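The values are calculated or read from the model by the stated rules, or taken from the named source; none is laboratory data. Remember, it's a predicted structure, so these values are computed and weren't measured experimentally. Here the Cβ positions follow ideal geometry from the backbone for every residue, glycine too, while neighbour counts run over all protein chains shown. Protein only, heavy atoms only, side chains kept; ligands, DNA and RNA dropped before computing areas. Shrake-Rupley method; radii C 1.70, N 1.55, O 1.52, S 1.80 Å.
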Amino acid sequence: MRIGIDCRYVRIGRHDGISRFTAGVVQHLPDRHDYTLLVHDERQLESLPAGLPHALLPAPTDAGEPFVARHVDRLGLDAVFSPMQTMGSRGRHYALVLTLHDLIYYRNRTPPREFSWPIRLGWRAFHLSWAPQRFLLNGADGVVTVSETTAGLIRQHRLTKRPVTVAYNAADPAPRRPADGPRRRDLVYMGSFMPYKNVETLAAAVPLLGAEWRLHCMSRVSDADRARLSRLAPPGSIVFHDGASDEEYLDVLRSATALATASHDEGFGIPLVEAMGVGTPVVVSDIPIFREIGGDAAEYFDPGSPSAVAAAVRRLEARWDEAAERSVERAARFRWADSAEQVVRAVERAVEDRAGRTGSDGD
């Protein structure tokens, strides 16, 4: 088959979550089909495998996105996989598989800050009801999601009549921390500072652990967020890296006691897999998606309690060597090759199902 992979969400420069998912899947596509990369800017190809054919489409934020099928149809593809659920499906002549990563913005309605105000307004309106989501997903022939947790929520809210396939997020392979390397009393936080991320609870837990502990915040941070968090802990105990490189992030991670996050909600949690993969255990809020990822390797806490964070860190210290080994084993469950295989199987099923429906309509 000729399968198009919608790569228009690949970031130019540095990945976000959806960009990383796209690139991870594309890098590991099984070789039993022919693939065409669908991009809106040729600079996106720098993060994608060389040698695969590509085609230019309008950007996914273009006003004509609901009718993008008219552009795709000209390519003669049998199917298209998109890492988002918003790709237009009207009037198409190919099978389509869309991705719904999570339902987090139905519970946390503040849109990402980097969006323009018209997109932020539309984002809020979209999440006021389940109806727009059902309309988009039922316009496809299949749906992919990145966790069993979200798959269960899709069923619970009856968001689609189409088959749902789980293709996990994963992390890029990285060398494990040295067995004889240092283990500093550091916690690492990787993520944004949006309200539901609840970084305040981590900051407030640091002084409860003791003067030798530090919290490393790796992502870019606004002056307001920096000041707000700094007031919750002694001077110097929160280190703001303000957008660490991948190398800096891994260096800090490999010498830390744990990666920590106190999120009230999450779509997945790639930093958990990144940390566990290099042998650094995780202490995380007790929410279903983190239970799915961390299993018995992680330590869990009530995200509303700084003292619960501190207690979880102390429990982890008491079993650190065992937790580190279990973490590596747990992270091995999340591989891009497996995810790419699941994506392609979902596409193959979508082609079969669409052919069956078309045949029945013809009869």
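Placing +1 at every Lys and Arg Cβ and -1 at every Asp and Glu Cβ, with all other atoms neutral, what dipole size does the stretch 262-357 have around its Cα centre, in debye to the nearest 20? Show your work: numbers first, answer last.
On the way: 12 positive and 18 negative charges, 42 e Å.
The dipole magnitude comes to about 200 debye.
With a bin width of 10 angstrom, please list the P(r) values of the stretch 38-144 as percents of all Cα-Cα pairs, from the 0 bin to the one holding the largest distance.
Reading upward from the zero bin: 13, 41, 35, 11, 0.
Let's see if you can work this out: charge +1 on each Lys and Arg Cβ, -1 on each Asp and Glu Cβ, no other charges. What is the dipole magnitude of the chain about its Cα centre, in debye to the nearest 20? If you can, show how the numbers build up before the last one.
Details: 45 positive and 47 negative charges, 177 e Å.
Result for the chain is approximately 840 debye, rounded to the nearest 20.
Taking Cα atoms, how many degrees apart are the long axis of helix 117-126 and the longest axis of the chain, rounded to 10 and kept between 0 and 90?
The answer is roughly 80 degrees.
Counting pairs of Cα atoms in the stretch 48-107, how many percent are more than 15 Å apart?
Values: 1001 of 1770 pairs.
For the stretch 48-107, the fraction of Cα-Cα distances above 15 Å is 57 percent.
In the chain, with Lys and Arg counted as +1 and Asp and Glu as -1 at Cβ, which of these residues, Ser255, Leu121, Thr165, has the Cα nearest the positive end of the dipole, that is, farthest along it?
The residue sitting most towards the positive pole is Leu121.
Where does the longest stretch of the chain lie that holds no GluC sites (Glu not before Pro) found in a DSSP loop with 12 or fewer other Cβ atoms within 10 Å? Mind dumping the intermediate values first?
On the way: sites that count: Glu114, Glu212.
Free of exposed loop sites, the longest segment is 213-363.
Going by a ≥ b ≥ c, the root eigenvalues of the Cα gyration tensor, does the stretch 192-251 fall in the rounded group (a/c under 1.5), the prolate group (a/b larger than b/c) or the oblate group? Please list the in-between numbers first.
Working: a/c = 1.79, a/b = 1.20, b/c = 1.49.
Since a/c reaches 1.5 but b/c is at least a/b, the shape of the stretch 192-251 is classed as oblate.
Taking the solvent-accessible surface of protein heavy atoms with a 1.4 Å probe, what is the per residue accessible area of the chain in Å²?
Values: 16260 Å² over 363 residues.
Result: 45 Å² of accessible area for each residue.
Quick check: with the 1.4 Å probe, what order do Leu250, Leu208, Leu202 take by accessible area, largest first?
Details: Leu250 40, Leu208 90, Leu202 5 Å².
Result of the area sort, largest leading: Leu208, Leu250, Leu202.
What residue among Val351, Ser327, Ser305 has its Cα farthest toward the positive end of the dipole of the stretch 303-363, where the charges are +1 on Lys, Arg and -1 on Asp, Glu, each on the Cβ?
In the stretch 303-363, that residue is Ser305.
Got a sec to turn the phi values of the stretch 4-13 into Karplus ³J(HN,Hα) couplings, 6.51 cos²θ - 1.76 cosθ + 1.60 with θ = phi - 60°, whole Hz, x for Gly and Pro?
Running phi through 6.51 cos²θ - 1.76 cosθ + 1.60 with θ = phi - 60° gives x, 10, 6, 9, 6, 9, 5, 6, 8, x Hz.
Considering the stretch 115-244, what Rg and Dmax in Å follow from its alpha-carbon atoms?
20.4, 56
Of Pro53, Gly191, Ala131, which is farthest along the charge dipole of the chain in the positive direction, counting Lys and Arg as +1 and Asp and Glu as -1 at C-beta?
Value: Ala131.
Roughly how large, in nm² to one decimal, is the mean projection of the convex hull of the alpha-carbon atoms in the stretch 275-328?
Working: hull surface 13.1 nm².
Mean shadow area of the hull around the Cα atoms is 3.3 nm².
Quick one: Cα centre-to-centre distance for the stretch 310-344 and the stretch 187-221, in angstrom?
First find each Cα centre; the distance between them is then 20 Å.
Between (1) 22.4; (2) 21.0; (3) 21.6, which entry matches Kirkwood radius over Cα pairs in Å as derived from the coordinates of this structure?
(3)
Over all directions, what mean area does the Cα convex hull of the stretch 1-96 project, stated in square nanometres?
Working: hull surface 22.5 nm².
Approximately 5.6 nm², given one-decimal rounding.
Using alpha carbons only, how many degrees (0 to 90, rounded to 10) separate the axis of helix 320-331 from the longest principal axis of the chain?
Compared with the principal axis, the helix lies near 0 degrees.
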